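In what follows, a single structure is set out as structure tokens and then discussed.
Bear in mind that the values in this text are calculations on the coordinates, not laboratory data. Bear in mind that the values here come from a model prediction, so they are computed numbers and not experimental data. Glycine also receives a Cβ, built like all others from the backbone with ideal geometry; neighbour counts cover every protein chain displayed.
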Amino acid sequence: MHGRLFPVEDDWCEWRQEPALPGTVLVRVTADPGGRLILTGLRVEGAPTAELLRAIPVGRIEAAANAQLSVVDDAIVAAAPPGRRDAPAAREPQLSDAGWEAPDPLRAALRRSPPASTITTGTRRPDDFYRDIARAYLDLAQTSARPAAELAEAHSVPATTAHRWIKEARRRGFLPPGRPGKAG
């Protein structure tokens, strides 16, 4: 499933996805005390049918928000370019029809062969490695219920290794704070 957040008014965004939902869904995203973006409002325009309510992918919307947006001076803006999550975004999000796209996980960073010096036990991997892991994880979190497992499969490593990489990427500031049981 691919989806986009489109800014529409004040702090509300419209969620559009493929396949399309049977109604218009607006969400409000704010930062929790730990810095993670969470949904704090949901508006359904039209009849809130059971079919529509079941089809709203709340977890995916939250994962997309954490992948595409960041908080700068208490305002939610488009995230800084990959590899610069620690730097404030240089501009406000575009208010065009482009929206903020949920990237395709097939474009996730491919595993590079590390130099021989980083393969030995006890050596630290460079920041670039964890930036790539963070980018791939965020891409997968928007479309998969098991992003860490898929990351592990893509890199031919055990799931525990992928979880360790994700934890280190969070510690280095390349991923937002985690929430138990939630991807992204």
Practice item. State the extension gain, in nm to one decimal, for the chain segment bounded by Ala75 and Ala47, taking 0.36 nm per residue of separation less the distance between their alpha-carbons. Key: 7.0 nm
Check your understanding: What ³J(HN,Hα) values, in whole Hz, does the Karplus curve 6.51 cos²θ - 1.76 cosθ + 1.60 give for the range 154-167 when θ = phi - 60°, with x put for Gly and Pro?
Key -> 5, 9, 6, 10, x, 4, 5, 5, 4, 4, 5, 4, 5, 4
Exercise for review: Over the alpha-carbon set of the range 29-73, divide Rg by the Kirkwood Rh and report the Rg/Rh ratio to two decimals.
Suggested key: 1.06
Check your understanding: What percent of all Cα-Cα pairs in the range 1-48 falls in each 5 Å bin, counting up from 0?
Key -> 5, 20, 25, 25, 16, 6, 2
Revision key, fill the gap. Interchain or sequence-distant (5+) residues whose placed amide H lies within less than 5 Å of the amide H of His2 are Glu18
Point to revise | For Thr24, distant residues with modelled amide H under 5 Å away | key: Glu45
Exercise for review: Return the sequence-ordered ³J(HN,Hα) values of the range 63-68 in whole Hz as given by the Karplus equation 6.51 cos²θ - 1.76 cosθ + 1.60 applied to θ = phi - 60°, using x for Gly and Pro.
Suggested key: 5, 5, 4, 5, 7, 9
Revision key, fill the gap. Most exposed to least, judged by fewest other Cβ atoms within 10 Å, Trp165, Trp12 sort to Trp12, Trp165
